[in-house]
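**Student:** Have a look at this one.
The values are calculated or read from the model by the stated rules, or taken from the named source; none is laboratory data. The model shown is predicted, which means the values in this text are computed figures rather than measured ones. Cβ atoms come from the backbone with ideal geometry, glycine included; neighbour counts cover every protein chain shown.
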Amino acid sequence: MLKRLYNWTLAKAAHPKALWILAALAFAESSFFPIPPDVLLVPMVLAARKHAWRIALVCSLASVVGGILGYYIGYALFDVIGQPIIDFYHMQDQFRRFTQLYNAYGQWIVGIAGFTPIPYKVFTIASGVAHLPLSSFVIASALSRTARFFLVAALLWKFGDPIRNFIEKRLGLLTLIFFVLLFGSFFALRYI
């Protein structure tokens, strides 16, 4: 079943509307959605390596704009929207600690979080709650998200066929590792 889902995703990744779907996923992930855009970015670049840079650019821009929505949620809508998101991830104590750190290190925190698999939406919302200057937030987000997605695209562009073969041979293991890292990030943030 996993192999069929992988093949289906590769086929859809070459679809004319795939770029729009990737943009929507990257936008949503930066503000409220739990699944990172890499799940679509990787097969899209593998399916169309000659478009790797455009795919990475769309993913980066949509992620930064989605991050601005997350910032706005924290800045103006935290009680209505932001707090339920933080509660959903059971990260209330960690969230309070993060907002305290923003006074001294906000731009660096956003930059590091934007490059890692840690749930980025927590940091976009925290940036708004802490009233990190919007210009600092956008610059840090743009640099880190662009670096992350372009690095993935560059590796897939350069080593596409070997990476694709590696993925296809070890799909089950890689899926398991992906979810362990994803949920491990949630767990680590909760208990940090």
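**Student:** Can you report the number of residues in the range 113-124 which are surrounded by 19 or more Cβ atoms within 10 Å (Cβ to Cβ) and part of a helix (DSSP H, G or I)?
**Tutor:** 7
**Student:** Let me ask another. Across the range 103-132, what is the number of residues that are of a type in the set (F, W, Y) and modelled with pLDDT under 80?
**Tutor:** 1
**Student:** Only one residue in S135, S141, S127 is surrounded by fewer than 18 Cβ atoms within 10 Å (Cβ to Cβ) and either touching a residue at least 12 places away in the same chain (Cβ under 8 Å) or part of a helix (DSSP H, G or I) (or both), so which one is that?
**Tutor:** Just one listed residue meets the conditions, S135.
**Student:** When the residues of the range 66-87 are filtered to those that are aliphatic (A, V, I, L, M) and touching a helix residue (DSSP H, G or I) at 6+ places or on another chain (Cβ under 6 Å), which remaining residue is surrounded by the most Cβ atoms within 10 Å (Cβ to Cβ)?
**Tutor:** Once the filter is applied, the top-ranked residue is I73.
**Student:** Report every pair of residues separated by at least 6 positions or lying on different chains whose Cβ atoms are under 8 Å apart, first residue within the range 90-108 and without any contact (Cβ under 8 Å) to a residue 12 or more places away in the chain, second of a type outside the set (S, T, Y).
**Tutor:** Short answer, once both residue conditions are applied: Q92/I86; L101/I109.
**Student:** Give the residue that is modelled with the lowest pLDDT, with candidates limited to residues of the range 51-88 that are closer than 15 Å to E29 by Cα and among the aromatic types (F, W, Y).
**Tutor:** Going through the qualifying residues, I end up with F88.
**Student:** What helices (runs of 4 or more DSSP H) completely inside the range 8-112 contain at least 1 residues that are small (G, A, S) and out of contact with any Leu (no Cβ under 8 Å at 6 or more places or on another chain)?
**Tutor:** Fully inside the range 8-112 and qualifying: 18-29, 52-76.
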